[in-house]
Structures are given as C-alpha cells and as structure tokens.
Amino acid sequence: MNVIPSEKFKVSYLSVYFSRPVDEKEAAKNALIPEILTRASKKYPTMTDLSIKLQSLYGASIDPVNTLMGEAHVFGLYSSFPENRYAFDDTDILGEVIELISELLLHPLTDEKGGFDENIVESEKTKLCGRIMARINNPASYAVRRCEEIMCADERFSVSPSGTVESVSSVNAKELYDYYLSLPGKTAVDIYYAGSADISLLEEKFTGLFSAFNRPLSLKAVTEVRRSASGEVKNIIEEQPVAQGKLTIGFRSGYALGDKDYHIFSLLNSLLGSSPTSKLFMNVREKMSLCYYCSSRPNALKGIMTIASGIEVDNFEKAKDAILDQINALKEGDISDFEIESAKKSLINAYKELTDSPSGLVSWYLTRSFAGLSDTPEETAEKILSITKEELTASAARLSLDTVYFLKGTLDANDIDEDEDDE
C-alpha cells in the first residue's frame, strides 16, 4: 500500500497496478483484462448498473490501465473521485470506491462456461484490435514507437503492451479467466492512493479487501539497459500516404533511472529538446525552419532517448544533420549560461507541476518504484540547481546514436492535412 498524503486535492486518486515482465505470449491477455474488469461484475452485471453506482458516488470514475514501464507490462485500473469532505451527505466515497474496486477485481462477471462473460470479451477484443490497427493513423506517435521497436528488436521493450491483432483475436473467454486467476502469487501488485484520508484507516480497509493481491516487491520486472549502441547505425525508411515526413532518431543515453547521477541527464534532455528554449526548438525549428516540431524524450527506465520531428520529405537529410549537429554541440560544450538556466527553470517547473496532480504524483512514484527509488519531485528539483556545464558536457558524451527512422510521406505537400503539423 503506497499512500501519498495531501490536503491540496479536491479529487482523490486510487489505483491497483499489476506488473509482469512484458511477454508477447501474454501481452494481449494483460491488455484485455483491465478492459473487461471495468465493464461489469457479479453485483453490477451491466455497464448501466456500474454507471449508476459511480454516479451515486458523486461522479466517480473507474478506468483501465495498460502500459509499459521499462520492460514491465503494467495493467490494472484506477479511480478518481471527490474527497469525502466534499460530500453533501455522510457518504463514505473512499470506502465505497474501495469496495467497488474490490468487487470488480475479485468478483468479475463470468458465464456458465466458467470464463469471463463471453459477450464482454468479444466486444473488448474487437475494440482492442481496432485500436491496434488505428495506430498508423497517428503518424507522429507511430514513428516514435517504430523507432523504439527497431532499436530494441531483440529486447522485451519491442513487445507492444496491447499485443497484436492475431494474438488478441486468438484469446478466448475461458482461457483468459483461468489466466487471470493464476496471476496472484506470480505477479507484483502496487496499490496507490493520493489524497487526505487517514493512513491507518486506509491500511485497515485494504488489509481486508486486497489481502489476496499483496505481493512481494521481488516480483517486480527488471528492465535490461544497454548503455551504448553497438554495431552500425540502423537507417530505416518506411512509407505512408501522408504529406509530412516523420523523422525519429534513437539514442542509447548511457543512463538509467536508478543511477545516482540520472538527474544530470534529465537536465541535458531539457536543454536539448524538451524546454521552450531548447537547442532543437530554437535552432532546428525556429532558426533553420526545418521542421514543424522537434523535441526529445527519454525513457528513463529503459535508458534510451528519442528525438521526434515532423518535416517536409525533401528536408530529410538537412533535418537529420541539423539535429545531430545539436548533439555534437552539447558534446563539445557549446552551451550558454542562458540555455542552462532556462533548462533548469523549465525542468524544475515541470517537477513542481507534478505536485498539482494526484495522478501525476502516482505516476512519478510508481515509475521510481521500478528503479528502487522513493525520492520526491522536490528532492529531485533541488539536485538540478547545482548541475554544472562540465557535468552536462560529460553527460552528452555518453549519448550514442543507434537508429535513424524515417516515415516518408508519399503525398504531395499541397495535400497535407491542416492538423498534421500540430502533432
């Protein structure tokens, strides 16, 4: 039980996360389970029944979760609901939400065949397959994930947490329910609460209702981190019938979240491509006008960084060279005091903003739990202040180019979608 106490939120956040090493044989099942669990239960056998119950709890919501955290497949559910002190009557909103989550987890709707309700399973399979096939419709995010898949082709990280259309289609209701029943004992479970409720009261409620899900942290998935690229740089070009090209460049960062000096790389990333005054934004986008957007994003647990940009197809080589020039500038120490201070302010403000969101705080601590960390956003922000130019230059030296992926648009630029350059 992980409690993040705070009096500042009007809305509480409660989540139950299962985590297992991501596996292509299990991915589809893990992706379907939270969708099915949040549809119905024995006590609330229809979506209407469940919706009425949630409305009675002042509009509380319960939603599924399915994602990768490093090479951990994290799936489960979360609920947002008003704090008890905002109830107009004596409704124990938190208590009833806990009971409702317990009902959904422990008493899912089943059928006479001894499996999950078949109609619900088939419905969710259809939806999931649709989402998988629709990924190509968002070229920006599709290109980033394709770059990651190519970079990590022989690593668990390349497995999609949603599975494939083929693997989802092959799941049946009875086998899926049997698999769900097998999870206790071999699956790590994290329960998080962000809000103002008394901790002892929370522990009392959870001890009874969730005792079956309390699992040792030793079951947590361990992520393989490759500190540097090996072999030749992978250069991949694929085509899509859009006008704008999507260029994604992947690096091994030389860092992982558990490293004591990871905060230096966090600032380096802000300096390079995640702040309003970053080198990629100010130079490649603004001064050179080579892209519609250009930013960098690290995967802290996996130890990689991707630079994503939307460009005109004819600017592929120019944009690629310009982006790599910014990396080289960092490695050579071409960093101004203004750039460093601006990057620090941007990153520290991002950490501060986390404390304004219960879901943001839960995500912060959950991610860190996979690296064995418990530092607060405030503690991490404090470390940022003392980072020097020399440390940033040394950090940049660790970056190694792994993959250049280009999703080449095949349509004429005059046919570009109005919203395409806003991705």
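Checking the condition buried (at least 20 other Cβ atoms within 10 Å of the Cβ), hydroxyl-bearing (Ser, Thr, Tyr) and out of contact with any Gly (no Cβ under 7 Å at 6 or more places or on another chain), which residue from Ser386, Ser309, Ser336 passes?
None of the others qualify; the one that does is Ser309.
Out of Ala40, Ala28, Ala60, report the one residue that is of a type in the set (Gly, Ala, Ser), out of contact with any His (no Cβ under 8 Å at 6 or more places or on another chain) and within 21 Å of Leu202 (Cα to Cα).
Working: Ala40 fails: within 21 Å of Leu202 (Cα to Cα); Ala28 fails: within 21 Å of Leu202 (Cα to Cα).
Result: Ala60 is the single residue among Ala40, Ala28, Ala60 that is of a type in the set (Gly, Ala, Ser), out of contact with any His (no Cβ under 8 Å at 6 or more places or on another chain) and within 21 Å of Leu202 (Cα to Cα).
Is it fair to say Arg39 is surrounded by 17 or more Cβ atoms within 10 Å (Cβ to Cβ), charged (D, E, K, R) and out of contact with any strand residue (DSSP E or B) (no Cβ under 8 Å at 6 or more places or on another chain)? Full working, then the answer.
Values: surrounded by 17 or more Cβ atoms within 10 Å (Cβ to Cβ): yes; charged (D, E, K, R): yes; out of contact with any strand residue (DSSP E or B) (no Cβ under 8 Å at 6 or more places or on another chain): yes.
Yes, satisfied.
Report, by residue number, each residue of the stretch 1-34 that is in contact with a Lys or Arg (Cβ under 8 Å, 6 or more places away or on another chain), buried (at least 21 other Cβ atoms within 10 Å of the Cβ) and not small (Gly, Ala, Ser).
Residues satisfying the conditions are Val22, Asn30, Leu32.
Under 7 Å between Cβ atoms, which residue pairs at least 6 apart in sequence (or on different chains) link something in the stretch 341-363 that is among the polar types (S, T, N, Q) with a partner that is not in a helix (DSSP H, G or I)?
Matching pairs, first to second residue: Ser342/Ser275; Ser342/Thr277; Ser346/Ser275; Ser346/Pro276; Ser359/Tyr13.
Results for (1) crowded, with 16+ Cβ neighbours inside 10 Å; (2) touching a Ser or Thr at 6+ places or on another chain (Cβ under 9 Å), shown as yes or no for each residue.
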residue	(1), (2)
Val222	no, no
Gln240	yes, yes
Lys246	yes, yes
Gly250	yes, yes
Ser253	yes, yes
Ser266	yes, yes
Pro276	no, yes
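Residues to consider are Leu407, Leu347, Leu399, Leu330; find the one that is in contact with a Gly (Cβ under 8 Å, 6 or more places away or on another chain), at pLDDT 95 or above and under 14 Å from Asn269 (Cα atoms). It would help to see each step written out before you state the result.
Details: Leu407 fails: under 14 Å from Asn269 (Cα atoms); Leu347 fails: in contact with a Gly (Cβ under 8 Å, 6 or more places away or on another chain); Leu330 fails: in contact with a Gly (Cβ under 8 Å, 6 or more places away or on another chain).
Of the residues listed, the single one that is in contact with a Gly (Cβ under 8 Å, 6 or more places away or on another chain), at pLDDT 95 or above and under 14 Å from Asn269 (Cα atoms) is Leu399.
Which one of these is within 29 Å of Trp364 (Cβ to Cβ) and more than 26 Å from the chain's Cα centre (by Cα): Lys205, Lys186? First the steps, then the outcome.
On the way: Lys186 fails: more than 26 Å from the chain's Cα centre (by Cα).
So the residue among Lys205, Lys186 that is within 29 Å of Trp364 (Cβ to Cβ) and more than 26 Å from the chain's Cα centre (by Cα) is Lys205.
Examine the stretch 7-15 for a residue that is in the same structural domain as Phe206 (by TED's automatic domain parsing), among the aromatic types (Phe, Trp, Tyr) and under 26 Å from the mean Cα position of the chain (by Cα), and state whether such a residue exists. Walk me through it before giving the result.
In the first step, residues of the stretch 7-15 are kept if they are in the same structural domain as Phe206 (by TED's automatic domain parsing); the result is 7-15.
Still in the running and among the aromatic types (Phe, Trp, Tyr): 9, 13.
Still in the running and under 26 Å from the mean Cα position of the chain (by Cα): 9, 13.
For the stretch 7-15, residues in the same structural domain as Phe206 (by TED's automatic domain parsing), among the aromatic types (Phe, Trp, Tyr) and under 26 Å from the mean Cα position of the chain (by Cα): present.
Quick one: count up the residues across the stretch 112-142 that are within 15 Å of Thr38 (Cβ to Cβ) and among the polar types (S, T, N, Q).
1
Residues in the stretch 178-198 that are modelled with pLDDT of 90 or more and out of contact with any strand residue (DSSP E or B) (no Cβ under 8 Å at 6 or more places or on another chain): how many?
4
Under 6 Å by Cβ, and 6 or more places apart or on different chains, what pairs join a residue from the stretch 1-25 that is in contact (Cβ under 8 Å) with a residue 12 or more places away in the chain with one that is outside any strand (DSSP E or B) and among the polar types (S, T, N, Q)?
Partner pairs satisfying both residue conditions: Glu7/Ser196; Tyr13/Ser359; Phe18/Thr187; Arg20/Thr187.
The values are calculated or read from the model by the stated rules, or taken from the named source; none is laboratory data. On a predicted model such as this, the values are computed, not experimentally measured, just so you know. Every residue, glycine among them, receives a Cβ derived from its backbone with ideal geometry; neighbour counts consider all protein chains shown.
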